[in-house]
Amino acid sequence: MTDNQPAASSSASGPSSGASAGPAPAPAHAALPPLPRAPSKAYSSRTTPLTSSELINMVSATDSLQYVDENLIPTLQSIAEGKPFESTKMKEKERKEHGELILTCGDDGSVYSVEDTQVNRMSAGLVYIISARLHVFKNTPSQYNNELFTFATRLCNLGDSQQFYTIHKRVVHLAWGMLRLAQQLNKVAIAVPAISSLIQKTCSAGIFSGLYSVYLEACLLSRNFDASFFVLDQVFLNVKSLGSTYLEVLTYYHHAGLISAAVKDFERAKRYFVTAVSLPTTTTSAIQLACAKRAILCELLDTGKRIIFPRYTASTVNRAIEKNASIYIDLAKDYESNIWSGVRDIAGKSDFAQDCNNGLIEQVLKSITKRRIIQLRQVYSRMTMNDLVARVGPSSRETVETITAILGEMITSNAIIATISPRTTPATSIVTFFEDQQDYSSSRLAEANLLASKLENELSEMSQRLGIKKEYLKKQANIIEYGGGGKGSGKARMDDFDGLMAAEEYASVPQGAGGGGIRGVGGNYGDAGF
């Protein structure tokens, strides 16, 4: 045995067993670096933690973003999606519900006693646990309580922005759950700054986030309209990167329109409602129908005319409006034709109350007097208050006092340029109308130029992004195929818009399917409540 050992050694060290021993050759390359150390503790194993203690220990082990990204989030997301239970007989929905139940970590109250510094370190894991509790504990009053709400607001204010951004969809899930609990506790006003903190930590300009929808709903419920302005009037160049849903986009524009209408900015409210109505879809949403009805009323309040929805509004939406908003269309026709008795008769119907549009209808009825005053201004330059009352209110519903108050409100809001010169009695006061004077000051021109420059840059950027998108190029190819190829062909030609919409519908049909796909929120107006 001992004689064979040197021979084996020498044969292993060189090509010939007879070669003389010499110094070891230099390595061909430097030694490879050692493998990186495994993340904290033993959670790099494939075993999925399914008990409260295992989950809490795994979350507590957070020590780096690498651990969060490579280990913690995949594991918790897998549990949330019910993947560990795919081998069971549970349905997909049941698996997800069971996964959320496990993520709550039961009734372990130690989560709420975590120190502020630890909340920041364990942000991602705590988001999964707290969001699960906010949705699972709804039917358990002893657990769905103020302690849960208080910790949720702490998490929003103290959490780490990088971890929040990594699990943005789950953060939106957390925000919705916190808002619903705040409604039950009558603490929506406290939820507003907490959701605002999430927006500031995770959202970027030009990128849509579902947090905007949650925040606007919180502002609506608390009637804190001033707080909502910092997320309004944005141009979104990207609505997909943060995983936002079609329903969240619709909700954002619907709530933005409601807030604008609440502050009596009817022109901006109409713009938001019309945006929601004209979003691409192949099935009509209940939110789109509600927005269409409110857009009709806001257009009357803004211009006194019937609204014309954009040409690119989906045909299914147009048909739904004609079928389900006919009373609103009739109201707009009578209003535009100055048939005030017809307007009042239609406004008294119960449809508007059922649609929760009583407030806008009251504004429409009040605007009749304002509309009459604007029409009289085009005919008269001066008249007494008594004459104004006689011509504005032929039904004798208006008095000198009410007309004076309405005219004063119009002058204050710059809806009309006029002066009221007092005389011995209010009825003999002289009302003088003036022509509207456009403000062409240097400051206004500079503001308009800045806005035009910003829009030009945004359009240029959008055009560049659109030109390299596979979806857009595919639609262009579909246009050529659907349109039938060139001037010499015998097929009917269509303009750019019709071709684009045809290509959109063509692209939405699954391969081998007989009908078009559904891309809206839900068929048969399933997203009720708006």
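A single member of Ala347, Ala390 is of a type in the set (A, V, I, L, M) and touching a helix residue (DSSP H, G or I) at 6+ places or on another chain (Cβ under 9 Å), and it is Ala347.
The single residue among Arg382, Arg377, Arg391 that is in contact (Cβ under 8 Å) with a residue 12 or more places away in the chain, out of contact with any Pro (no Cβ under 9 Å at 6 or more places or on another chain) and closer than 20 Å to Thr303 by Cα turns out to be Arg377. When the test is whether a residue is hydrophobic (A, V, I, L, M, F, W, C) and buried (at least 16 other Cβ atoms within 10 Å of the Cβ), Ile430 does not pass it. Within the stretch 313-328, the set of residues being over 18 Å from Cys298 (Cβ atoms) and open to solvent by less than 20 Å² (accessible area, probe 1.4 Å) comprises Ala314, Ala320. Being in contact with a Gly (Cβ under 8 Å, 6 or more places away or on another chain) and charged (D, E, K, R) holds for only one residue in Arg371, Arg382, and it is Arg371. For first residues located in the stretch 137-156 and within 14 Å of Glu100 (Cβ to Cβ), partners that are of a type in the set (A, V, I, L, M) and part of a loop (DSSP other than H, G, I, E, B) and lie 6+ apart or on another chain with Cβ distances below 7 Å do not occur.
Working only within the stretch 270-297, note down all residues that are within 13 Å of Tyr253 (Cβ to Cβ), assigned to a helix (DSSP H, G or I) and of a type outside the set (Gly, Ala, Ser). Scanning the stretch 270-297 gives Lys270, Arg271, Tyr272, Phe273, Val274, Thr275, Val277, Ile287, Gln288, Cys291, Arg294.
For every residue, the table says whether it meets (1) open to solvent by 10 Å² or more (accessible area, probe 1.4 Å); (2) on the phi > 0 side of the Ramachandran plot; (3) of a type in the set (A, V, I, L, M, F, W, C).
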| position | (1), (2), (3) |
| --- | --- |
| Lys83 | yes, no, no |
| Cys105 | no, yes, yes |
| Val136 | yes, no, yes |
| Phe149 | no, no, yes |
| Cys156 | no, no, yes |
| Ser161 | yes, no, no |
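Residue under question is Lys366, and the condition is that it be charged (D, E, K, R) and surrounded by fewer than 18 Cβ atoms within 10 Å (Cβ to Cβ); does it hold? When the stated conditions are applied, Lys366 passes them. Ser87 meets the conditions (1) polar (S, T, N, Q); (2) at pLDDT below 90; (3) out of contact with any Pro (no Cβ under 7 Å at 6 or more places or on another chain); (4) surrounded by 14 or more Cβ atoms within 10 Å (Cβ to Cβ) in every case but one. The failed one is (4). The residue that is farthest from the chain's Cα centre (by Cα), counting only those in the stretch 297-334 that are more than 15 Å from Arg371 (Cβ to Cβ) and small (Gly, Ala, Ser), is Ser326.
The residues in the stretch 223-242 that are open to solvent by less than 40 Å² (accessible area, probe 1.4 Å) and either touching a His at 6+ places or on another chain (Cβ under 8 Å) or not aromatic (Phe, Trp, Tyr) (or both) can be counted, and the count is 5.
Just checking, does the stretch 94-101 include any residue being among the charged types (D, E, K, R), open to solvent by less than 50 Å² (accessible area, probe 1.4 Å), out of contact with any strand residue (DSSP E or B) (no Cβ under 9 Å at 6 or more places or on another chain) and more than 25 Å from Leu211 (Cβ to Cβ)? Within the stretch 94-101 (the criterion being among the charged types (D, E, K, R), open to solvent by less than 50 Å² (accessible area, probe 1.4 Å), out of contact with any strand residue (DSSP E or B) (no Cβ under 9 Å at 6 or more places or on another chain) and more than 25 Å from Leu211 (Cβ to Cβ)), the answer is yes, since at least one residue qualifies. Considering every residue within the stretch 94-114, establish whether at least one is over 30 Å from the mean Cα position of the chain (by Cα), more than 22 Å from Asn146 (Cα to Cα) and touching a residue at least 12 places away in the same chain (Cβ under 8 Å). No, the stretch 94-114 has no match at all. Note on the stretch 334-358: among residues that are exposed (fewer than 14 other Cβ atoms within 10 Å of the Cβ) and assigned to a helix (DSSP H, G or I), the one that is modelled with the lowest pLDDT is Ser341. For Ala218, the requirement of being among the hydrophobic types (A, V, I, L, M, F, W, C) and either open to solvent by 10 Å² or more (accessible area, probe 1.4 Å) or closer than 18 Å to Glu147 by Cα (or both) is not met.
Restricting Val389, Val379 to those that are outside any helix (DSSP H, G or I) and out of contact with any strand residue (DSSP E or B) (no Cβ under 6 Å at 6 or more places or on another chain) reduces the list to Val379. Among the residues here, Leu247 qualifies as in a helix (DSSP H, G or I) and surrounded by fewer than 19 Cβ atoms within 10 Å (Cβ to Cβ).
Once the stretch 273-311 is narrowed to residues that are touching a residue at least 40 places away in the same chain (Cβ under 8 Å) and of a type in the set (Ser, Thr, Tyr), the residue that is most open to solvent (accessible area, probe 1.4 Å) is Thr282. Across the stretch 168-185, not a single residue is classified as open to solvent by 10 Å² or more (accessible area, probe 1.4 Å) and at positive phi.
The values are calculated or read from the model by the stated rules, or taken from the named source; none is laboratory data. Please read all numbers here as calculations on a predicted model, not as lab measurements. In this analysis, Cβ positions are derived from the backbone assuming ideal geometry, glycine residues included, and neighbour counts consider all displayed protein chains. The protein model used for the area step is the full one, side chains on, heavy atoms only, and it has no ligands, DNA or RNA in it. Shrake-Rupley method; radii C 1.70, N 1.55, O 1.52, S 1.80 Å.
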